[in-house]
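The values are calculated or read from the model by the stated rules, or taken from the named source; none is laboratory data. Just so it is clear, the structure is predicted and the values come from calculations on it, not from any experiment. For neighbour counting, all protein chains shown are included, and Cβ atoms are generated from backbone atoms with ideal geometry for every residue, glycine included.
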Amino acid sequence: MLSGPSGPLPGEGGVEDIGSSEVARVGVDSDGTEDAGWDVDPEDEQGVAVLSALGRQLRTWREQAGMRASDLGVAIGYGEDLVRKVESGRRIPRPEYLDKADEALGAGGKIRAMKPDMEQVRYPKKVRALAKMEAQAVEIGTYNNHNIHGLLQTETYAAALFAMRRPAYSADEVERILAARMVRRSIFERSPAPTLSFVQEEVTLRRPIGGTMVMRRQLERLLEVCQLQHVEFQVMPTNCSDHAGMGGLIEVLKFEDGSAVGRSEGAFHGRPVSDPKQLRILELRYGIIRAQALTPRESRAFVEELLGET
């Protein structure tokens, strides 16, 4: 995990960067109805606090309306067990739950207004922390050799990656972690924009994750990103005989106050580092990787050629 101004963070880009304890499970209420929501991670203090406050407000609205939990469940189409779980802060409801509760309780939009807070804690704790750190970074540099970096992934490519995970995620788990990954792409619209540098191993562009059409859209997305002034995208060709990235993934995030954090699979036992001497080693390796890779112009032409072949 990375560690920076926002606390410890996971690695980036792969299918396994969100552990099984970080995704929610969708089940069935004790009364047999669908339990439409997500489990709360007990170690997610922020999430627990937000959901507890949300639950107390929902219970207050229900009691003021003179309804029992079972009555509200019938009115909105969910089981009494789910209503009680939500009101006790033990379950993250789907957005439509709040819409239906707002209408059934005559809240006039006040319950719907809670959706942004609920949406924030819907995403796994580690992903929220990673997104916060990326939002604070003024410079991000990454080298990826197994799959395309998460910030560059299209929704269908990311979904295909998550579908490969073993043991398999459920459809609802994929929905949750996919939404979390997609929301991080707002970094490309930030103002002022951070400087972003990506080096992708050639094989990550050739492996047809999700099939031909998914990969075509992914390559098109890379070409769109290549045109952004604050983004440098490079390809490390397979036929390059000198390669400073044989140790695996490298990522370095730099912040406005001059601090930085980095991680590499092939250095310091894969642990995050912020010590200047250790960071210099990662930056040296990353700098050599960029020098050995195709230039941004050559890389764009390479992606265009691949797209024409796909």
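Remarks
- The listed residues are LYS115, LYS125, and the only one of them that is without any contact (Cβ under 8 Å) to a residue 40 or more places away in the chain, more than 22 Å from LEU222 (Cα to Cα), surrounded by 15 or more Cβ atoms within 10 Å (Cβ to Cβ) and of a type in the set (Lys, Arg) turns out to be LYS115.
- Applying the criterion of being more than 29 Å from the chain's Cα centre (by Cα) and surrounded by fewer than 20 Cβ atoms within 10 Å (Cβ to Cβ) to the residues of the range 85-106, the residue that is nearest to GLU173 (Cα to Cα) is GLU103.
- If you go through the range 269-285 and keep only what is under 25 Å from the mean Cα position of the chain (by Cα) and either modelled with pLDDT of 95 or more or not basic (Lys, Arg) (or both), you end up with HIS269, GLY270, PRO272, VAL273, SER274, LEU279, LEU282, GLU283.
- Taking residues in the range 43-59 that are assigned by TED's automatic domain parsing to the domain that holds MET118, and partners anywhere that are of a type in the set (Asp, Glu) and assigned to a helix (DSSP H, G or I), the pairs with Cβ atoms closer than 6 Å and at least 6 places apart or on different chains are VAL50/ASP117; GLY55/GLU87; LEU58/GLU87; ARG59/GLU87.
- Applying the condition of being in a helix (DSSP H, G or I) and charged (D, E, K, R) to the range 117-139 and asking which residue is farthest from ARG59 (Cα to Cα) yields GLU134.
- Put simply, of LEU306, LEU253 the only residue that is in a helix (DSSP H, G or I) and touching a residue at least 12 places away in the same chain (Cβ under 8 Å) is LEU306.
- Entirely in the range 42-116, the helices (runs of 4 or more DSSP H) that have 3 or more residues that are closer than 27 Å to ARG128 by Cα: 45-64, 80-87, 95-104
- Within this structure, PHE162 fails the test of being of a type outside the set (S, T, N, Q) and either outside the structural domain of ALA131 (by TED's automatic domain parsing) or in contact with a strand residue (DSSP E or B) (Cβ under 9 Å, 6 or more places away or on another chain) (or both).
- Residues of the range 221-250 satisfying the condition of being of a type in the set (Asp, Glu) and at pLDDT 95 or above: GLU224, GLU232
- The criterion of being surrounded by fewer than 19 Cβ atoms within 10 Å (Cβ to Cβ) and closer than 27 Å to GLU256 by Cβ does not hold for PHE198.
- The range 24-40, residues that are modelled with pLDDT of 70 or more and of a type in the set (D, E, K, R): ASP39
- Any hit, the range 277-287, residues being within 22 Å of PHE162 (Cβ to Cβ), surrounded by 14 or more Cβ atoms within 10 Å (Cβ to Cβ) and touching a residue at least 60 places away in the same chain (Cβ under 8 Å): no
- Residue in the range 232-249 that is among the β-branched types (Val, Ile, Thr) and surrounded by fewer than 20 Cβ atoms within 10 Å (Cβ to Cβ) present: yes
- When GLY266, GLY248 are screened for being within 28 Å of GLU155 (Cα to Cα) and not polar (S, T, N, Q), only GLY248 passes.
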